[in-house]
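Heads up, the thing below is written out as structure tokens.
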Amino acid sequence: MLNQGDRVPADCILVEESDLRTDERFYFPIPEVSDADVARTKEDMKYQQKQCSDGENHHQNPDSFVLQDTLVISGSAKAIALAVGKGTLKQKEIIGEQFINEEDETPLQKKLALFSSLLGSWSTFIAGVAFILFTIFWLFNIMVGSGELISPESIQSMVYNIQIAVVLLIVSIPEGMPLAISMALAFSIDRLKNDNLLIKKIASLETAGSLLDIVTGKTSTLTTGNLIVKKLHVGESFQNIDSPEINIELFNNLALLLTLNTTARMEMNDDDAKYVCSGDNVEVALLNYLILNNIAVQDFII
């Protein structure tokens, strides 16, 4: 059984599916844009966009297979496992260097690398200048004073000057800075969980922190994906959502149909020990509407 948010555990073939969409970019990476792609005509691009929007490619070339470790983006399905372990496509064909998922450095990591390089160069320069000044002062004391150039006291003083230069070089390079920044980002992600924001990669938080402008849709709003039932159309009239004027038996039949024909799940909330719906946004909205009308949805689904 595959549902939204699941990761496919093996190479499978589908026997039943309902609007199933999976992320297979691991197996089929998006190719880089070449000069030939840029030179394509607008008519070809419009045709491809129409194919994608109309779903013609999916209907003409249906794919009944799902591969191991692909993420179910939406929908649900029943599948039969065909290959596991070393028999999967991931283990047999994606091997060696192809299996290594090389990730580029994030903008913050690039800036830290540049900063560390500059800081290291300047630290070496300052430590060298300090050692030269210490050496000049050491020679001046020997020449003016009554000390000898080669003596236990002068050699001890020179070693002390070298130690000071080395310490200056060490303390000027913040070796713990990357660790401190990573810990700060990790604590930030943990705090964002309280606002129901799930960030899987620290690089996403780095990118969000450097945003200057956010481009939204024509309504200039950012939605959370939570849908709400606003109208109930029964027969030839629209009913009030809060108190629909329909037969109780008809409403119970409607509730039975909605609960039996859904792929959404009911899970216990850890905070207030109440059942909450999860799954497709439309189906979750319909089930939440039934819950608001005191329908025990969990009795049908769980």
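Derivation of every value follows stated rules applied to the coordinates shown; laboratory data play no part. All figures in this text were calculated on a predicted structure; none of them were measured in a lab. Positions of Cβ are generated from backbone atoms using ideal geometry, with glycine treated the same way; all protein chains shown enter the neighbour counts.
Would you mind estimating how fast the range 170-289 diffuses translationally, via Stokes-Einstein at 25 °C and 0.890 mPa s with the Kirkwood radius over Cα pairs, in µm²/s?
The estimated diffusion coefficient comes to 128 µm²/s.
How long are the semi-axes of the equivalent ellipsoid of the range 107-171, defined as square roots of 5 times the Cα gyration tensor eigenvalues? Whole Å, largest first.
Listed largest to smallest, the semi-axes of the range 107-171 are 35, 10, 5 Å.
Expressed as cubic angstrom per residue, what is the convex hull volume of the alpha carbon set of the range 232-301?
Convex hull of Cα atoms, per residue: 97 Å³.
Classify the range 152-194: rounded, prolate or oblate, from the alpha-carbon gyration tensor (a ≥ b ≥ c, eigenvalue square roots; a/c under 1.5 rounded; otherwise prolate if a/b is larger than b/c)?
The shape class here is prolate.
Could you list which residues have their amide H under 5 Å from that of L20, counting only those 5 or more apart in sequence or on another chain, with H placed in the peptide plane?
S76
Arrange S18, S64 by Cβ neighbour counts within 10 Å, fewest through most, would you?
So the residues, fewest neighbours to most, are S64, S18.
Can you tell me the relative contact order of the range 107-171? Whole percent, Cα pairs under 8 Å, sequence separation 6 or more.
42 percent.
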